[in-house]
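Below is one structure, written out as structure tokens; the observations come after it.
Derivation of every value follows stated rules applied to the coordinates shown; laboratory data play no part. Everything quoted here is computed from the prediction, not taken from an experiment. Don't worry about glycine lacking a Cβ; one is built from the backbone with ideal geometry, like all the others, and counts go over all protein chains shown.
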There are 2 protein chains.
Amino acid sequence: MSTADTIPVHPAWLPDAAFAPLGSRRVRVALGPDAADPVAATVLDEVRRATAAHGGALVTDDGPSDVVLRWEPDAPAAGFTTTRTGGVTSVVARDAVGLLHGLHALVRAGEAAFGADHPTVVDTPVAPVRMLDHWDNIDVHPVMGQVERGYAGGSIFYADGRVRDDLSRVAAYARLLGSIGINAVAINNVNVHRTEARLLTDGLSDVARVADLFRPHGVRTYLSVSFASPVVLGGLPTSDPADPDVQAWWAAAADRVYATIPDFGGFVVKADSEGQPGPFAYGRDHADGANLLARAVAPHGGTVFWRAFVYNHEQDWRDRRTDRARAAYDHFAPLDGRFDDNVVLQVKYGPMDFQTREPVSPVLAAMPRTRLAVELQVTQEYTGQQQHVCYLGPLWSQVLTFPLADGATRDVASIVAGVPGPGADAPPSGSTPTGGITAVSNVGDDEFWTGHPLAQANLYAYGRLAWDPQADPVALLDEWIGLTFPGADRRVRDTLHTLMDGSWLTYEAYTAPLGVGFMVDPGRQHYGPNVDGYEYSKWGTYHFADRDGVGVDRTVATGTGYTGQYPSPWRETYEDLATCPDELLLFFHHVPYGHVLHSGRTVIQHVYDSRADAVDVVTAWVDAWSALRGLVDDRLHARVAERLAEQVRSATEWRDQVRTYFFRKSGVPDTTGRPIH
Amino acid sequence: MSTADTIPVHPAWLPDAAFAPLGSRRVRVALGPDAADPVAATVLDEVRRATAAHGGALVTDDGPSDVVLRWEPDAPAAGFTTTRTGGVTSVVARDAVGLLHGLHALVRAGEAAFGADHPTVVDTPVAPVRMLDHWDNIDVHPVMGQVERGYAGGSIFYADGRVRDDLSRVAAYARLLGSIGINAVAINNVNVHRTEARLLTDGLSDVARVADLFRPHGVRTYLSVSFASPVVLGGLPTSDPADPDVQAWWAAAADRVYATIPDFGGFVVKADSEGQPGPFAYGRDHADGANLLARAVAPHGGTVFWRAFVYNHEQDWRDRRTDRARAAYDHFAPLDGRFDDNVVLQVKYGPMDFQTREPVSPVLAAMPRTRLAVELQVTQEYTGQQQHVCYLGPLWSQVLTFPLADGATRDVASIVAGVPGPGADAPPSGSTPTGGITAVSNVGDDEFWTGHPLAQANLYAYGRLAWDPQADPVALLDEWIGLTFPGADRRVRDTLHTLMDGSWLTYEAYTAPLGVGFMVDPGRQHYGPNVDGYEYSKWGTYHFADRDGVGVDRTVATGTGYTGQYPSPWRETYEDLATCPDELLLFFHHVPYGHVLHSGRTVIQHVYDSRADAVDVVTAWVDAWSALRGLVDDRLHARVAERLAEQVRSATEWRDQVRTYFFRKSGVPDTTGRPIH
């Protein structure tokens, strides 16, 4: 596959060389009754392709083989098992999708999959739905562009105001997603503009073309829809969930969708949020709204992903009583138990908006009778926009393994997997998803998919953590390196770890300090630094720095009361200055600059030191990467080098502006004597 | 004339009713040898139109008349004379343009022109060139839009990527300009993009169509050109002024222009400024660059307006040694005497960029052997963007009457008129312009021309002050009111004075304090408030506020040395805190918040008070204007009411953000106890 100007698209973690251990062997595929499944064809294709390239063979009869991929009716309902016995490695699954996932597990393991015998290992995904959301627009939006929060060129789905004729990039993308276990994709922006709304009606044949490309990789297609569709598309006078004509319109719309795409996943909805229409206009609540759509797709096995990202975006910066962080809980927690079984409430991991550091959203612990999905962001909106190296695996791992509910016993992953907790009411049940994980994708029509080639690792790690939230993110990174740079020099591997392992913490260290967030240019930009960029805005995103101190008092005792939305022990932990973690201090407390952190440093000295130290780290990366010239692909090397230069420039701006800003306000000198301007 | 949807375009200061005193009389027109001039036809048209509407008569023979407009070869070289004797009012001029200007002087005077006899009054324009620059783009610029810094809709010249077929708005605009003595117009943006560059070549026939519409009103047409034209349009390898091929290219280009438009005015050039190409690329200076173009147009009587707006726009905010305010002087003062006679150096009135308050540019006093034009800005880029009432007549009057050179004896108007000063070297001479006044226009294809209907007064006052810089700006405003609202209720006149007379000072009082400038959103926006909007930027526009004080030290003693660019007594006046005017204090000095102004208030209390008081003023305007409903045109009333609501909202934001910003930094309470957030 090539772009028009014949520059090959980067293979990401699926270069041919990564298939050598599998492809050099005799691989028997026994598909059973699933042989007619489109995914079965993919399994066969992958084996044919690998063995053709590396000298092995596809075995479809009972002949001798080194590897067996076998359908079995009593295998686990999802995922696969692996065994090695008598020199043969077996992968067993209940369906073709499981076999595909098992095949890629062998690829990832490489020669290690063919070592010593081992008993059966069961590999089951934790989150039943593992989704990627695309914030792609069909029409280029005058402000937000082709891909809202896209940092990797245009859309792989749309160009020139319509679905692309040539969808070969989508096919390649589907293969990448299938290889890491992603099983759902929403193909248009949750801010649904007029043209995009019509995908649901006039555009269905195009959606079907896209779905046809995802299906062979075990990925179901979803659409973001506008709650106002009955008015905008149907010409009805209302979109009121209680109106029978509205209900009938949605039912008919769903019927048409499923007649065209029988395995269509369902809808993603952003309602009554940041200007999108929703049920509030009719005096209805979010449960009414979500259930309206859910009942339309329920007869077809469809699911509605309803976003909990609802807050007042016309806030008065003068009014310290309101708190955007409280909003999702205040809106949704009272609705627990009111959502239909095929509604999944999609909750951003933190209470604000994909900041570099946020506490985990208390909504996730507050709705035991609701199916929940946690929403992450692979696209680096606030984390360097794919100009900066910022490997997000450690952030997501921390979120997913965070023991939010029931004291220390239930982590976020188990909550969104729908595992019932000891104190929970009746757990969700039925054939519909019990929860999920979703994230905004970071790909575009860029040669390297993600703008910054190293940002591919974020997409990879997201898929892998969605499958197994307990995985070590640094081990996943190593896995990604091995696949993406097969046979690479040891120095390549070491240098990538040097740059990437701690890059999230490094990014945090030169940007907004101690959990306070933002400090970026508002609107379309969301790139920094701009310390006061959001300070006097309507968005509810403030740091309240003055000459004495900084931070947001969200305590119950003296602040907005947000800490009270957490279950114990977190409400007490965050409430108390003595126990609040340093990295979230300014999210929860307004403190004087001289406040001493658990680290032993004052807040102001921490601000000074971290920013300066982090720039030193980033600056060292430039030389480290430079030393790899000739050891990795030249184009990739040049692209990374170009982005590292921007990262150093930007990080230096962050350092100097943040240090100067707080020095001008506090008047406290940097005890190390490093220059402040 | 109407727009496509039949809403009539507002007649501005030329409604039919304003012509009643003249039009109800017998008007004799004696054009002499100028009868064939296109302007002569306009004079006749105006008289015919006025007398037809109001019962008078055009007299072209020796019959009795009440008014005479007469050509005379020994009348003043520019302008006209008026006399009233024996009950007959006479206007005498040496050419048809003078008669047109005299005719409109009668219209402005109204019945007063027909009162008691009076001896001859000579009315001669001060600035030989009185120009308007249009920053209109042909192609809509992706960032800056159709009209760069345009706040009144699209361009009257261009639409859909080309010169409009229907130029009727241009014809009406030309009539408005001719009526107030404007005699030059540049029809495209000084930032010359690719499409606009071609006006000089492929687009000449369209330029000629535009020039044909301006010519009958005594207005010559100019083009903004790209210094890189020989490369971009001519395909030459260089634009070096010393290259004979480049010189020949420009000469040939000028020959073609003048073959098409014999009275073409000349070129406007922004070179080596904010990314525009210029002579620096070839190791040449601005005199080399300007003279290159001047020599191309000299054989045809053309003039080059060369902008002095040159500075480093990649400044490091950390570096307090550089000072953008110094740039124009540093670049141009050493070149005095090096420019050809048909070059006019176009100097912004202040050293920065059209701020609400700036000191007068020292360049104007520094180049006695150079023809100079002062550049004003009618479009309200930094003064409320035609959302805010901000009558700029008082600002321009203050600039033009400012005694900058030779102590208190020579004002800016006399400098740009080319009047030699007592200590000057050989004054400019010859048949080419000795100087001029130019300004960026504020009109667009808006129904009211200027977005805010009251912003028409700025266009009017600009033309009148360009003719007579000594005119009282409030008297000009009264004149404008009389023409624009003929026969209006006394309350209309009084209310308009209430809103407009001091509106510039009111705007200043709620925005950036004490001459420090900016505090707006950067880039395309330039609307506020955003106190730190330009603080950490590359644009050289800082206020340096910290917890102790604010302002820019531009003194010779301890600062950037900018005060040393002024002649005495200004260098001493600005240098010394004891004599520096309050309103420019923070432009010249960094002072503690407790510094006591000449007004007796501290800086911080002034910041607090002025902002709060000014919002009270603006808020009162809403009721005052509301009371005029029914007394002025309904559509105009509604438009102004809508803009006033925005002005109150915006002024309130300014008040609250500026007060809070400085309170957070200074910690000093407002002694009046008014709320700070």
| said: I need the shape label for chain B. Rule: rounded when a/c is under 1.5, else prolate if a/b > b/c, else oblate, with a, b, c from the alpha carbon gyration tensor. | reply: oblate
| said: Past 22 Å, Cα to Cα: identify those pairs from B:Lys348/B:Lys665; A:Lys348/A:Lys665; B:Lys270/B:Lys348, in the order given. | reply: B:Lys348/B:Lys665; A:Lys348/A:Lys665
| field | Axial C-alpha extent at least 30 Å, average Kyte-Doolittle at least 0.0 - helices from chain A (DSSP) | value | A:603-626
| When DSSP assigns beta bridges and you keep just the ones with both residues in the range A:16-123, what percent turn out antiparallel, to the nearest 5? | 45
| said: What whole-number distance in Å separates the alpha-carbon centres of the range A:436-506 and the range A:633-651? | reply: 17
| field | Order of A:Glu196, A:Glu358, A:Glu111 under a 10 Å beta carbon neighbour criterion, fewest first | value | A:Glu111, A:Glu358, A:Glu196
| field | For the protein assembly as shown, share of DSSP beta bridges that run antiparallel, in % to the nearest 5 | value | 30
| request: Calculate, in nm to one decimal, what A:Leu577 and A:Arg491 gain on full extension: separation in residues at 0.36 nm each, minus their alpha carbon distance. | output: 26.6 nm
| request: State the volume of the convex hull built on the alpha-carbon positions of the range A:256-303, expressed per residue in Å³ and rounded to an integer. | output: 80
| remark: If each part is reduced to its alpha-carbon centroid, the range A:220-282 and the range A:42-117 end up apart, in Å, by 42
| said: What percentages make up the Cα-Cα pair-distance distribution of the protein assembly as shown when the bins are 20 Å wide from 0? | reply: 9, 31, 32, 20, 6, 1, 0
| task | First measure r as the distance between the Cβ atoms of B:Asp212 and B:Ala35, then evaluate 1/(1 + (r/R0)^6) with R0 = 22 Å and state the FRET efficiency to the nearest 0.05. | result | 0.70
| If you stretched the chain out fully between B:Arg48 and B:Ala475, how much longer would it get, using 0.36 nm times the residue separation minus the C-alpha to C-alpha distance? | 150.8 nm
| request: Please order A:Cys390, A:Cys580 by the number of other Cβ within 10 Å, starting at the fewest. | output: A:Cys580, A:Cys390
| message | Sort A:Arg464, B:Arg524, B:Arg643 by Cβ crowding within 10 Å, fewest neighbours at the top. | response | B:Arg524, B:Arg643, A:Arg464
| Segment B:Asn312-B:Thr201, extension gain: residue separation times 0.36 nm, minus the distance between their alpha carbons | 36.8 nm
| remark: Taking the label point 7 Å from Cα along the Cα-Cβ vector, the copy-to-copy distances for A:Gln470, listed from shortest in nm with one decimal, are 9.4
| note | Against the 2.2 N^0.38 Å rule of thumb, the C-alpha Rg of the range B:16-123 sits at a ratio of 0.94
| query | Under a point spin-label approximation (7 Å from Cα along Cα-to-Cβ), what is the A:Asp255-A:Ala159 distance to one decimal in nm? | reply | 3.8
| request: Specify the inter-centroid distance of the range B:364-420 and the range B:135-210, based on alpha-carbon positions, in whole Å. | output: 25
| task | Hey, for a label at B:Ile7 modelled as a point 7 Å past Cα toward Cβ, could you say which residues of the range A:137-152 have their backbone N under 16 Å away? | result | none
| Label point distance in nm, B:Thr671-A:Gln398, each placed 7 Å from Cα along Cα→Cβ | 4.9
